[in-house]
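Undergrad: Please see the structure below; I have some questions.
What follows draws every value from the coordinates through simple rules; no lab data is involved. Here the structure is a predicted model, which is why all the values come from computation and not from measurement.
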Amino acid sequence: QDGANDGLQDRQGGHSSRATKRHNYKEGDRGYSGYSSSFWASWRRTSADRATKDQYKASYRQAYIQGYEKGYNGQGSDNR
């Protein structure tokens, strides 16, 4: 959904397609329930913690790009 909203905003604002330049794509962790800045900054994090977050970010970014393209190209009647 984040991608669709950003794509629609870019299209309406007359911008070229710039999905990978948007904040939501770059961060890639919006909505990650296991994320806490103090937790991830902690020296106690494990490689499994990092792998889980990395997997989430990869999935989020893939879905973000798909949504962005739909929003930017005006596909679908509901861009929420």
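Undergrad: Would you mind calculating the gained length between Gln75 and Ser17 on full extension (0.36 nm times residue separation, minus the Cα-Cα distance), in nm to one decimal? Show your work: numbers first, answer last.
TA: On the way: separation 58, 0.36 × 58 = 20.88 nm, distance 1.45 nm.
Here the answer is 19.4 nm.
Undergrad: By a straight-distance test (C-alpha under 16 Å), which lysines pair with Lys57 as possible cross-link partners, with residues fewer than eight away in the same chain excluded?
TA: Output for Lys57: Lys21, Lys26.
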